Amino acid sequence: TLDPWHPTVVRGGAGLHFATAVERLDVGELPPGPVFALDPEGEDIRKLKLPDDALLAFGSERSGLSRELRARADHLVALPMRPQVS
């Protein structure tokens, strides 16, 4: 529900927003290309080679991906974290 350009989100991204294209789109507005959606149940992203036309989709930490986005995703991928780290 938070805009990806909200100052808190930009700060959390440690400046990476400025290294790639960042947009907030409804699922129906997604451009063509495989969608890799970040989800704790997904495959370890470090084991994948993302194609150049890949779209990375993020949900919120609190509520995750919407059902619609999860259904549209071609791949669920996870960012591994140590236990007890938020």
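Quick one: in the stretch 33-86, which of the residues that are acidic (Asp, Glu) and under 24 Å from HIS6 (Cα atoms) is farthest from the chain's Cα centre (by Cα)? Among those residues, the one meeting the criterion is GLU68. Among the residues of the stretch 64-86, just one is among the hydroxyl-bearing types (Ser, Thr, Tyr) and either surrounded by 13 or more Cβ atoms within 10 Å (Cβ to Cβ) or in a strand (DSSP E or B) (or both), namely SER66. Are any of the residues in the stretch 15-31 among the charged types (D, E, K, R) and either touching a Cys at 6+ places or on another chain (Cβ under 6 Å) or modelled with pLDDT of 90 or more (or both)? Yes, there is a match, as at least one residue in the stretch 15-31 is among the charged types (D, E, K, R) and either touching a Cys at 6+ places or on another chain (Cβ under 6 Å) or modelled with pLDDT of 90 or more (or both). Residues in the stretch 35-63 that are over 18 Å from VAL22 (Cα atoms), outside any loop (DSSP other than H, G, I, E, B) and not charged (D, E, K, R): PRO40, GLY42, ILE45. Look at the stretch 16-29 and say how many of its residues are in a loop (DSSP other than H, G, I, E, B) and either surrounded by 15 or more Cβ atoms within 10 Å (Cβ to Cβ) or acidic (Asp, Glu) (or both). The qualifying residues number 3.
The values are calculated or read from the model by the stated rules, or taken from the named source; none is laboratory data. What you see is a predicted model, and the numbers here were worked out from it, not measured in a lab. Heads up, the Cβs are rebuilt from the backbone with ideal geometry, glycines too, and the neighbour counts pull from every protein chain shown.
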